[in-house]
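Novice: Quick one: structure below, then a few questions.
A short reminder: the numbers here are calculations on the coordinates, not readings from a lab. Values in this document were obtained by computation on a predicted structure and should not be read as measured data. With ideal geometry, Cβ positions are generated from the backbone for all residues, glycine too; neighbour counts draw on all protein chains shown.
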Amino acid sequence: MSDEVTPPPAIEVQNLVKSYAGVPAVSDVSFTVQRGEIIGFLGPNGAGKSTTMRILTGFLPATSGVVNLCGVPVATEPDAIKHLIGYMPENNPLPEDMRVSEYLHYRGRLKEIPRRKLNDRLEEVLELCDLKRVRHRIIGKLSKGFRQRVGIAEAVLAEPPVIIMDEPTIGLDPHQILIVRDLIASLRGRMTVLISSHILPEIEVTCDRVIIINQGRIVATGTPNELRREILGHTAYQLEIAGEIAALSALLSQIEPTLVITKQGETDAGGFRTLHLTTESDEPLGEELLRVLTNDSRFRLRGLARERPTLEDVFLAATRRTWEMVDTPSKS
Amino acid sequence: MGNGRHAFKILTIFNLARVFSFITHVKHFFTILSHEIRMLLVSPSTYIAAVLFLSVMGFFFTSMLDYYSTAAQETTPAVFFFQYFCVPVLFMVPLLTMKSIAEERRLGTLETLLTTPVSTVEVVLGKFFAAYFLYMALWACTGGLFYILYRFDARFIDIGPLVGGYIFIAISGLMFVAIGIFASSLSRNQAVAGIISFTLLFGLIVGLSVLANVTLLQNEVMKPVKTAVGYAQVFHHLADFSHGVVDTRQVLFYVSGTVLALIFSIFTVEVKLLHS
């Protein structure tokens, strides 16, 4: 009974290793994804994202390690795995000379959707992916955005518990990215989605959790906020202030001992200058800062903002960290 | 007693599961088969191949009629006509099969196909039978030529060699198409696959008949090789079939060749996945 209360996680990867002819592409990767989560898989080119995803689908065998999808081992039960996943590979390959509805119908048959339900399900998916207008068009003649949506429609067609998409938004314009993002977000809670991407804001908006991978290793994992804290290790504020800056430091350390000025801008015509402050504390200090500085007659405060480092900063810092880690032993 | 019944129950459930999985496999096979036939029927290259095939065969047929009209012949038209089978085989089979696996691999659709609940076996068999279906459909069209001849003068039609010739085409076609599929699984480039398939078929049909007359094989030491080559004479098989002799050894030769070529295609597809 207790097994039914806690179903196995959607994706469970332990010590996954994959090497091509002795060259490691993925080395010792472990992570777990709970059901209903949307996970972003980030990494520079050649980091091992696609390889990991292909291993998850059972398309490529791993060199060593364990991969379980919904408690089913990929290595020994590839047939069962194929019923659990919807997969959209990199570059979204589609047959050029089929119509959209024909293709989805064929796929539905292969994915063992019962014939009675297939037509209803097709209508649903076409609606979900906004493909009704192009259902009778030849896939080879569709624009990239539509092709991408056909790929996503194909992946979600059989309502599998796990959906794996390799760069679903690559090459799309901002408007199309928005549509695809909404589409992925609409799957939240119903299906587990693993997407890889280079486009960081994209991942940040859509995903519950991010896994950053570089050189075949996991560099960081967590929610975007956790990652900011973990990788960058500080919170930053930005002040626009006029007054005796020299006296400010003492005041700041009264508020929070670790709060220091890291950067000062030029004074503008009104006597204001921009200051960057950082602190190791996780507590929100904005209100306190505002209260202290406005009550103090020596300072005139014009602006206060908490700086939000983008995922881009985190990503760059995290990948830089691995390169340092990898490079150091090779030099010694 | 109870134990035995229990064991029986387990056995039934086990068998039911196997039967069920077999049925889903067969279903997938037919889904892929009908899809492949449909794709072949909407592809222009199929019609180009069909037109070329029928014009070549029509040309042979008219020149044969010409020949018969000048002097009485010992053999019936059917025997004469089927002797030219290798010309269309060498060009048609590569044209029909070169696209099948090579194109899917080049586009990357093989990856999406194999991540649905289908196995490589179903994919390869589906493609094979689709190509075979089309190959036979084209040969069936040549029946029209004989129908014209029959309406013209029924004396020319000798039913034995005619049926024997078509049986030969049907059985040898299995192996030729399987070789084409195998060639297509070797490369991601259609043209390369086509040339490989042409070369293999040429070696099998023409090469072996040339090899049988090589003086080296007349040597006593080479006798086993000579016997083996002697069994694999496609033209001899045709002659036997045309005379109404259906030799099971020859049927076995084509069937086992087909199975072997298909097994090699399946292995090639899987091995290429492992090393992709």
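Novice: Tell me, how many Å apart are the Cα centres for region B:61-88 and for region B:199-276?
Specialist: Cα centroid to Cα centroid, the span is 26 Å.
Novice: Which percentage, to the nearest 5, of the DSSP beta bridges contained in the protein assembly as shown is antiparallel?
Specialist: Values: 39 of 57 bridges.
Once the DSSP bridges in the protein assembly as shown are tallied, antiparallel ones form about 70 percent.
Novice: Distance check, please: which entries in A:LYS141/B:LYS99; A:LYS111/B:LYS99; A:LYS82/A:LYS132 exceed 22 angstrom between their Cα atoms? Spell out each step's value before the answer.
Specialist: Values: A:LYS141/B:LYS99 20 Å; A:LYS111/B:LYS99 24 Å; A:LYS82/A:LYS132 27 Å.
In this structure, A:LYS111/B:LYS99; A:LYS82/A:LYS132 exceed 22 Å between Cα atoms.
Novice: Given axes a ≥ b ≥ c from the Cα gyration tensor, I'd like to know whether region A:234-307 is rounded (a/c under 1.5), prolate (a/b larger than b/c) or oblate.
Specialist: Prolate.
Novice: Now for a separate question. Name the residue, out of B:ILE169, B:ILE148, B:ILE101, whose mean-square fluctuation peaks in a Gaussian network model built on chain B with Cα pairs under 10 Å.
Specialist: Per the Cα network of chain B with a 10 Å cutoff, B:ILE148 tops the list.
Novice: Give me B:PHE30, B:PHE128, B:PHE81, B:PHE176 sorted ascending by neighbouring Cβ count inside 10 Å, so fewest comes first. Before the final figure, lay out each step's value.
Specialist: Numbers: B:PHE30 14, B:PHE128 25, B:PHE81 22, B:PHE176 31.
Taking fewest neighbouring Cβ atoms as first place, the list is B:PHE30, B:PHE81, B:PHE128, B:PHE176.
Novice: For B:PHE202, A:PHE146, which order do you get if you count the other beta carbons within 10 Å of each Cβ and list the fewest first? All intermediate terms of the calculation are to be shown ahead of the outcome.
Specialist: Details: B:PHE202 14, A:PHE146 19.
Going from sparsest to densest Cβ surroundings: B:PHE202, A:PHE146.
Novice: A follow-up question, please. Kyte-Doolittle mean at least -1.0 and Cα extent at least 27 Å along the axis: which DSSP H helices of chain A qualify?
Specialist: Details: long enough: A:311-331 (30 Å, -0.38).
Membrane-span-like by this rule: A:311-331.
Novice: Just check region A:1-107 against the gyration tensor rule for me: Cα atoms, a ≥ b ≥ c as the square roots of the eigenvalues, rounded for a/c under 1.5, and otherwise prolate or oblate depending on whether a/b exceeds b/c.
Specialist: Oblate is the answer for region A:1-107, as a/c is 1.5 or above yet b/c matches or exceeds a/b.
Novice: Along the Cα→Cβ direction, 7 angstrom out, place labels at B:VAL255 and A:ILE261. What is the inter-label distance in nm?
Specialist: Each label point is offset 7 Å from its Cα along the Cβ direction, giving 9.3 nm.
Novice: Based on Cβ point charges of +1 for Lys and Arg and -1 for Asp and Glu, what charge dipole magnitude is obtained for region B:2-274 about its Cα centre, in debye rounded to the nearest 20? Let's see the in-between values first.
Specialist: On the way: 16 positive and 13 negative charges, 181 e Å.
Computed charge dipole of region B:2-274: roughly 860 debye.
Novice: Sticking with this structure for a sec: Taking chain B as the reference, fit the longest principal axis to its C-alpha atoms, fit the long axis of helix B:190-202 to the helix C-alpha atoms, and give the angle between the two in degrees, 0 to 90, nearest 10.
Specialist: With rounding to tens, the tilt is 60 degrees.
Novice: Here is a follow-up. Express the relative contact order of region B:2-274 as a whole percentage, based on alpha carbon pairs under 8 Å and six or more residues apart in sequence.
Specialist: Values: 263 pairs, mean separation 68.5, N = 273.
The value is 25 percent.
Novice: Counting other C-beta atoms within 10 Å, which of B:HIS28, B:HIS243 has the fewest, and how do the rest follow?
Specialist: On the way: B:HIS28 23, B:HIS243 13.
Lowest count first: B:HIS243, B:HIS28.
Novice: A further question follows. What residue among A:GLY303, A:GLY43, A:GLY145 has the largest mean-square fluctuation in a Gaussian network model of chain A, using Cα springs under 10 Å?
Specialist: Fluctuation is largest for A:GLY303.
Novice: Also: What is the spin-label model distance, in nm, from A:LYS132 to A:SER64 if the labels are put 7 Å beyond Cα along the C-beta direction?
Specialist: 5.5 nm
Novice: Another one. Within 10 Å of each Cβ in B:103-114, how many Cβ atoms from other chains are there, averaged over the peptide?
Specialist: Working: counts 2, 2, 1, 1, 5, 6, 5, 2, 8, 14, 5, 6.
The per-residue average across the peptide is 5.
Novice: Grab the beta carbon distance between B:VAL56 and B:ASN219, set R0 = 45 Å, and tell me the FRET efficiency rounded to 0.05.
Specialist: Computed FRET efficiency for B:VAL56 and B:ASN219: 0.70.
Novice: With a ≥ b ≥ c taken as the square roots of the eigenvalues of the C-alpha gyration tensor of chain A, please select rounded if a/c is under 1.5 and otherwise prolate if a/b is larger than b/c or oblate if it is not? Please report the intermediate quantities before stating the final value.
Specialist: On the way: a/c = 2.50, a/b = 1.85, b/c = 1.36.
Prolate is the answer for chain A, as a/c is 1.5 or above and a/b outweighs b/c.
Novice: Still on this structure: Report, for chain A, the % of DSSP beta bridges that are antiparallel, rounded to 5.
Specialist: Details: 39 of 57 bridges.
Of the beta bridges lying entirely in chain A, close to 70 percent run antiparallel.
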